[in-house]
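Worksheet for the structure shown next.
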Amino acid sequence: MRIGIDLGGSKIEVALLSPGGDVLYRRRSATPRSYRAVLEALVPLVRQAAREAGETCSVGLGIPGTISPATGLVKNANSTWLNGKPLAQDLAEMLGQEVRVANDANCFALSEAVDGAGAGAGSVFGAILGTGVGGGLVIDGNPHVGANAIAGEWGHNPLPWPAPDESPGPPCWCGRQGCIETFLSGPGLTRDHAARTSRNLEPEDLVARAAAGDTECEFGLARYEDRLARALAHMINIVDPEIVVLGGGMSNIGRLYDNVTAIWDRWIFSDRVDTRLVAPKHGDSSGVRGAAWLWPADIRP
């Protein structure tokens, strides 16, 4: 059996998976906002899951950043208290066993590629649309990490084919302006709508009002869909995956799947687009499942 951990900005989720992928035990807790407190929260959660298993289990951890191949330290985490820390080494030492650590978007993509919405596909791009925008690429059942451990990080590229009012774009936490994340994250949608209407609406409220006939909200969602279509088309032009799976809170907006694919053809450099845009099978549990699947493919379902 195997243990997966999803270390999010607001919650930690730990799950125990059977060899066939069934979740046998699951627990969530709030994420502390300091490095030492995160370690102290992770260890008892993992040990309790191991007690539930009654045996030693492999442990995989998904984080909102990645491990630098150069230093072994966390980098690029929007949970900034993790950056520059030896998380993989410290957690392994505290648990007394190896821990495999990967970017949470890679874990999401791996989960959906192994036994989710992308099962059976040779290439799957997982696009996270939540409080931030991340991405992970899985090829032939294995995460593609890249030489710098940043493969799939589409959220910190500029919004492609920008309109005049989209450039230079909003400031991003990474220090640049106009990153895809500033437009396509949940907070990005709220900010964009507020800037145009002075109405500060959360995405779910905006969607509900649009469905009820609010023309300003409908226009805001249509603008979001156009931007998402351009951003995904840019990725498809580079990677050309068979399947794109949306994750994060914005993936629950059902209209995206038809509306975005009706737009993206005009931006994709092909006479025909066979890439499919799909909703996640495992929802917000994909991250923790993918962390568990970081261990060898020969014991996956």
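Out of A102, A92, I need the residue that is free of Cβ contacts under 8 Å to residues at least 12 places away in the same chain and surrounded by 17 or more Cβ atoms within 10 Å (Cβ to Cβ). Which one?
One residue alone meets the criteria, A92.
Given the condition in contact with a Gly (Cβ under 8 Å, 6 or more places away or on another chain) and surrounded by 15 or more Cβ atoms within 10 Å (Cβ to Cβ), answer yes or no: does some residue in the range 33-54 qualify?
no
Could you tell me whether any residue of the range 229-242 is part of a loop (DSSP other than H, G, I, E, B) and of a type in the set (G, A, S)?
Among the residues of the range 229-242, not one is part of a loop (DSSP other than H, G, I, E, B) and of a type in the set (G, A, S), which makes the answer no.
Quick grid of which residues meet (1) more than 18 Å from S111 (Cα to Cα); (2) in contact with an Asp or Glu (Cβ under 9 Å, 6 or more places away or on another chain); (3) not in a loop (DSSP other than H, G, I, E, B); (4) not assigned by TED's automatic domain parsing to the domain that holds G8:
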residue	(1), (2), (3), (4)
G21	no, yes, no, no
P32	yes, yes, no, no
L39	yes, yes, yes, no
V43	yes, no, yes, no
A49	yes, no, yes, no
E52	yes, no, yes, no
A77	yes, no, no, no
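If you go through the range 212-223 one residue at a time, do you hit one that is under 25 Å from A105 (Cβ atoms), free of Cβ contacts under 8 Å to residues at least 40 places away in the same chain and not polar (S, T, N, Q)? Don't jump to the end; show me each part of the working.
From the range 212-223, those under 25 Å from A105 (Cβ atoms) are 221, 223; that's our starting set.
Of the ones still in play, those that are also free of Cβ contacts under 8 Å to residues at least 40 places away in the same chain are 221, 223.
Now narrow it down to the ones that are not polar (S, T, N, Q): 221, 223.
So far as the range 212-223 goes, yes, one or more of its residues are under 25 Å from A105 (Cβ atoms), free of Cβ contacts under 8 Å to residues at least 40 places away in the same chain and not polar (S, T, N, Q).
Which of the residues spanning the range 211-226 are of a type outside the set (G, A, S) and in a helix (DSSP H, G or I)?
T215, E216, C217, E218, F219, L221, R223, Y224, E225, D226
So in the range 113-133, with the set limited to residues that are in a strand (DSSP E or B) and crowded, with 22+ Cβ neighbours inside 10 Å, which one is farthest from the chain's Cα centre (by Cα)?
V124
Only one residue in G175, G72, G146 is surrounded by fewer than 16 Cβ atoms within 10 Å (Cβ to Cβ), part of a loop (DSSP other than H, G, I, E, B) and in the same structural domain as S34 (by TED's automatic domain parsing), so which one is that?
Going through G175, G72, G146 in turn, the sole match is G72.
Six or more apart or on different chains, Cβ under 9 Å: which pairs go from a residue in the range 270-296 that's assigned by TED's automatic domain parsing to the domain that holds Y257 and of a type in the set (D, E) to one that's modelled with pLDDT of 95 or more and not in a strand (DSSP E or B)? Could you list them?
Between residues of the range 270-296 that are assigned by TED's automatic domain parsing to the domain that holds Y257 and of a type in the set (D, E) and residues that are modelled with pLDDT of 95 or more and not in a strand (DSSP E or B), the close pairs are D274/E242.
Consider L42 against the criteria (1) modelled with pLDDT under 95; (2) under 21 Å from T131 (Cβ atoms); (3) of a type outside the set (G, A, S): it satisfies all of them except one. Which criterion is unmet?
Failed condition: (1).
Of the residues in the range 161-201, how many are over 20 Å from the mean Cα position of the chain (by Cα) and not basic (K, R)?
Selection size over the range 161-201: 21.
Condition check ((1) in a helix (DSSP H, G or I); (2) free of Cβ contacts under 8 Å to residues at least 60 places away in the same chain; (3) within 20 Å of E225 (Cα to Cα)) across all residues:
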| position | (1), (2), (3) |
| --- | --- |
| G135 | no, no, yes |
| P160 | no, no, yes |
| D165 | yes, yes, yes |
| T190 | yes, yes, yes |
| A194 | yes, yes, yes |
| N200 | no, yes, yes |
| R209 | yes, yes, yes |
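Which count do you get for residues in the range 247-274 that are in a loop (DSSP other than H, G, I, E, B) and surrounded by 21 or more Cβ atoms within 10 Å (Cβ to Cβ)?
Result for the range 247-274: 2.
The values are calculated or read from the model by the stated rules, or taken from the named source; none is laboratory data. None of these values were measured; they are calculated from a predicted model. Neighbour counts are summed over all protein chains in view; Cβ atoms, including those assigned to glycine, are modelled from backbone coordinates with ideal geometry.
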